[in-house]
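Here's the structure we're looking at; comments come further down.
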Amino acid sequence: MPSLDDLRKRIASVKSTQKITKAMKMVAAAKLRKAQEMAEKGRPYSEKMNIIIQNLSKAISDPSNAPRLLVGTGEDKSHLCIVMTADRGLCGGFNTNIVKQAKNYFNKILKDSKTLKIITVGTKGLDQLKRDYGKYIIKKINFKDKKKLSFEDAESIGNEIVKLFKNKEFDKCIIFFNKFKNVMTQVPQAQQVIPAKKEDQKEKEEYSSYEFEPEEDEILEDLLPKNISTQIYKGFLENSASEQGSRMTAMDNATRNAGDLVEKLTINYNRSRQAAITKELIEIISGAESL
Amino acid sequence: MDEVFDIQIISPEKNLLSDKINSVTLPGFEGEMTLLFNHIPIITFLRPGIIKIQGKKDLKYFVEEGTVEFSNNNLTILSSTVLELTSLTKEKISKMIEESQSKLSQENLDDKLRYIFSTKIDCLSKINL
């Protein structure tokens with residue numbers, strides 16, 4: 001049985017933890033609103049971009065000569081995985097969920113004895129991956145010192161990927177991020193960005209071909225890297241909304257748990273105090289009786 | 001006036017416009033073009049310029065760059081820099097002109113960027129508010 005003093009100290013410490021989690025929840029809620037708005041407003045842009053690319057890939061006049069970024073290298077030997085996580089913890093299962101999905105994918109690739117290359121974005125994912133998959137990680141990116149991620153940041157990653165692809169470092173590129181559904185649920189996603197063409201797509205014969213201005217290859221040359229950056233930027237936005245949402249839920253739970261704990265401890269404290277008083281009374285009475 | 005088509009102007013931040021219109025004039029990379037109902041499918045890039053929209057009401061937007069897709073009477077304009085002309089002020093315009101002029105004066109500019117900046121200055125200085 002802990003002493004009264006110990007109990008009092010514990011209650012005080014749990015209460016101060018509760019204050020911290022509550023404050024974190026408030027901050028997350030405020031940030032969430034902004035991040036959510038950005039994520040939702042940014043969606044049509046990246047979706048449309050994707051649709052244009054898909055339409056293009058259907059309408060392309062000479063598939064054998066099409067840019068590699070669109071149709072792929074024709075091989076499926078090495079995969080580049082971009083794992084996007086947060087730079088901070090204390091956000092529930094947010095980071096773990098992405099990493100879990102990524103790990104599943106990694107294992108599948110390794111089982112098929114294909115080459116795996118990983119780029120981590122965000123420190124938390126790196127921490128979780130470096131022990132098992134450290135030797136596959138070719139680059140670590142984090143934006144810890146940045147407050148807000150801009151399109152330029154996404155572009156810099158996009159350019160990096162395109163450069164690697166041009167050096168024939170990989171055949172396929174997949175990005176992992178959490179899609180924001182609502183505050184309670186975030187869905188981990190794996191999206192293939194290179195090649196941009198979806199494999200399972202049925203070719204539609206009746207699809208009208210486009211007129212291009214400037215030339216077709218010039219358009220694709222410009223549009224495909226842009227699409228990659230756009231998709232990564234979308235990942236950023238979705239991720240930041242998901243992170244805040246997940247943190248808010250996690251902190252809300254923590255605050256509630258701390259509340260429960262305080263309640264239990266207080267009951268315990270009161271009981272032991274009452275027990276001590278009763279004990280003292282018994283001692284006094286039995287002392288008086290023996291006189 | 002029945003021959004209308006759908007237009008969508010989307011920037012990464014928001015959906016700027018979604019409407020049915022009669023015609024639109026775009027500052028295409030290789031020259032200005034006007035799209036009408038039943039235009040053949042086209043994909044093109046934009047250079048800095050003014051998008052003129054004619055529909056129930058006429059709208060004008062300033063863009064710096066963008067991607068345009070038109071198919072099945074659906075026009076999509078994706079651009080990260082779209083400004084409605086009415087939201088611009090003289091001060092803003094002169095600031096933007098100054099910025100691009102300073103960029104234009106940089107040494108290691110390739111021809112494409114040079115072209116973009118000079119058309120941007122050209123277009124901005126022609127805007128009458």
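Here, each number is a calculation from the coordinates, and none is a lab measurement. Because the structure is predicted, anything quoted here is derived from the model rather than measured. FYI the Cβ positions are ideal-geometry reconstructions off the backbone, even for glycines, and counts take in every protein chain you see.
Worth pointing out:
- Among A:L69, B:L113, B:G49 the positive-end extreme of the charge dipole of the protein assembly as shown (Cβ point charges): A:L69
- For segment B:5-84, share of DSSP beta bridges that run antiparallel, in % to the nearest 5: 90
- Averaged over the residues of peptide A:97-107, the number of Cβ atoms from other protein chains lying within 10 Å of each residue's Cβ is 0.
- Counting every other Cβ atom within 10 Å of each residue's Cβ, B:F62, A:F94 order from fewest to most as B:F62, A:F94.
- Mean-square fluctuations from a GNM of chain B, with a 10 angstrom spring cutoff on Cα atoms, peak among B:S11, B:S105, B:S23 at B:S105.
- In this structure the amide hydrogen of A:I141, modeled in the peptide plane, comes within under 5 Å of the amide hydrogens of A:T120, A:V121, A:G122, none closer than 5 places in sequence on its chain.
- Exposure rule at most 13 other beta-carbon atoms within 10 Å, DSSP loop trypsin sites (Lys or Arg not before Pro): chain A longest free segment: A:205-291
- Exposure proxy shown here: for A:I53, A:I119, the number of other Cβ atoms within 10 Å sets the order, fewest to most, as A:I119, A:I53.
- Overall form of segment B:5-84 per C-alpha gyration tensor (a/c, 1.5; a/b vs b/c): rounded
- Highest GNM mean-square fluctuation among B:I50, B:I40, B:I97, for chain B modelled with Cα contacts below 10 Å: B:I40.
- Cα gyration tensor shape of segment A:1-128, rounded if a/c is under 1.5, else prolate or oblate by comparing a/b with b/c: oblate
- Partner shielding of A:41-49 amounts to 6, given as the average count of beta-carbon atoms from other chains within 10 Å of each residue beta-carbon.
- Taking A:P44, A:P188, A:P225 in turn, the Gaussian network model of chain A (Cα-Cα springs below 10 Å) assigns the largest fluctuation to A:P44.
- Helix-only mean residue ellipticity at 222 nm for chain A, each DSSP H run of n ≥ 4 adding -39500 (n - 2.57), per residue, nearest 500: -22000 deg cm²/dmol
- Shielding of peptide A:215-224 by partners, expressed as the average count of other chain Cβ atoms within 10 Å per residue Cβ, is 2.
- Anisotropy class of the protein assembly as shown from Cα gyration tensor, a/c 1.5 cut: prolate
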